[in-house]
Amino acid sequence: MTAPLPVRPPEPAAEEAREEAPGQRPPSRLLAPLRQTGQLFALALAVARAVFRRPFQVREFIEQFWFVASVTILPAALVSIPFGAVIALQVGSLTEQLGAQSFTGGASVLAVIQQASPLIVALLIAGAAGSAICADLGSRKIREELDAMEVMGVSPIQRLVVPRVLATMSVAVLLNGLVSVVGTLGGYFFNVIMQDGTPGAYLASFSALAQLPDLYVGEIKALIFGFIAGIVAAYRGLNPRGGPKGVGDAVNQSVVITFMLLFAVNMVLTAIYLQIVPPKGG
């Protein structure tokens, strides 16, 4: 019998490599958010490209448009009334202290049109419609329907994601006008009835402070916010983890991520608007 070969002790370099191997996991975990952010932007770019491809899924777009509108119209109208009332009451109280009650209407309406209305629409679309879109795509993903579509040569992005994103954008733009009108009427009612404001001064202050670009920026914000809500919901729905439980987690994550992005993007858009468009009379 041959003598057993002597076992060589591990080299110091190998031991250091083994010790450093577990230490390499935290950097990968730290880079995970950056990787997911890049994948989110890649999905947004893919959706933007697929919009102009044919055939366009008209039936799917109409169905998703009706679904998003049906779950957001009534809540948006009901939420916009207290929002407009709170803004009108707060602005009215402040202008009364400053002795500028005649500017209550213009200031409150600007706050509703520029800030409150797009955010209300986006939050409702993200919470109601976005969660449903994420759950639908996530359930299709865990049932391997999306993989089957890719095997058959059908793009899931063009077939499923594009109509849903366009539906959220379209509903956001149209719903923004409804929320602006309802919020303005609610603010007018509470200011005139509860704070004994003058109807003529409330309406006349529009021409003193408001201008047409204020309405444009509200619609542009609603369009961008609807795009963000649809993209985030689609991204989380296409990438669930852990089976059915992962779909529920993806829905919660999509809503939270959308809310954070909306407030950040709103701050940037507001800063850009105030730099580009001078105030009326300035």
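Annotation: Ala264 fulfils all but one of (1) touching a Pro at 6+ places or on another chain (Cβ under 9 Å); (2) of a type outside the set (Val, Ile, Thr); (3) at pLDDT 85 or above; the unmet one is (1).
Among the residues of segment 149-181, count how many are open to solvent by 30 Å² or more (accessible area, probe 1.4 Å) and either of a type in the set (Lys, Arg) or assigned to a helix (DSSP H, G or I) (or both). Quick ask: steps written out before the conclusion?
Here is the first cut: in segment 149-181, the residues open to solvent by 30 Å² or more (accessible area, probe 1.4 Å) are 150-155, 157-159, 166, 169-170, 173-174, 178, 181.
Still in the running and either of a type in the set (Lys, Arg) or assigned to a helix (DSSP H, G or I) (or both): 150-151, 157-159, 166, 169-170, 173-174, 178, 181.
Going through segment 149-181 one residue at a time, the tally reaches 12.
With the condition kept exactly as written, say whether any residue in segment 127-139 is touching a residue at least 40 places away in the same chain (Cβ under 8 Å), β-branched (Val, Ile, Thr), out of contact with any His (no Cβ under 8 Å at 6 or more places or on another chain) and under 22 Å from Ser254 (Cα atoms). Looking through segment 127-139, at least one residue is touching a residue at least 40 places away in the same chain (Cβ under 8 Å), β-branched (Val, Ile, Thr), out of contact with any His (no Cβ under 8 Å at 6 or more places or on another chain) and under 22 Å from Ser254 (Cα atoms).
Within segment 227-242, one or more residues are of a type in the set (Lys, Arg), open to solvent by less than 40 Å² (accessible area, probe 1.4 Å) and in contact with a Ser or Thr (Cβ under 6 Å, 6 or more places away or on another chain). Checking each residue in segment 200-212 for being open to solvent by 40 Å² or more (accessible area, probe 1.4 Å), under 17 Å from Ser117 (Cβ atoms) and in contact (Cβ under 8 Å) with a residue 24 or more places away in the chain picks out Phe206, Leu209, Gln211.
Out of Tyr188, Tyr202, Tyr216, report the one residue that is at pLDDT 85 or above, of a type in the set (Ser, Thr, Tyr) and either part of a helix (DSSP H, G or I) or closer than 21 Å to Ala129 by Cα (or both).
On the way: Tyr188 fails: at pLDDT 85 or above; Tyr202 fails: at pLDDT 85 or above.
Criteria check complete, one pass: Tyr216.
When Gly197 is tested against the conditions (1) in a loop (DSSP other than H, G, I, E, B); (2) open to solvent by 60 Å² or more (accessible area, probe 1.4 Å), the lone failure is (2).
The values are calculated or read from the model by the stated rules, or taken from the named source; none is laboratory data. Values in this document were obtained by computation on a predicted structure and should not be read as measured data. All Cβ positions, glycine included, derive from the backbone under ideal geometry; neighbour counts span all protein chains shown. These accessible areas exclude ligands, DNA and RNA; they are computed on the full protein's heavy atoms, side chains included. Shrake-Rupley method; radii C 1.70, N 1.55, O 1.52, S 1.80 Å.
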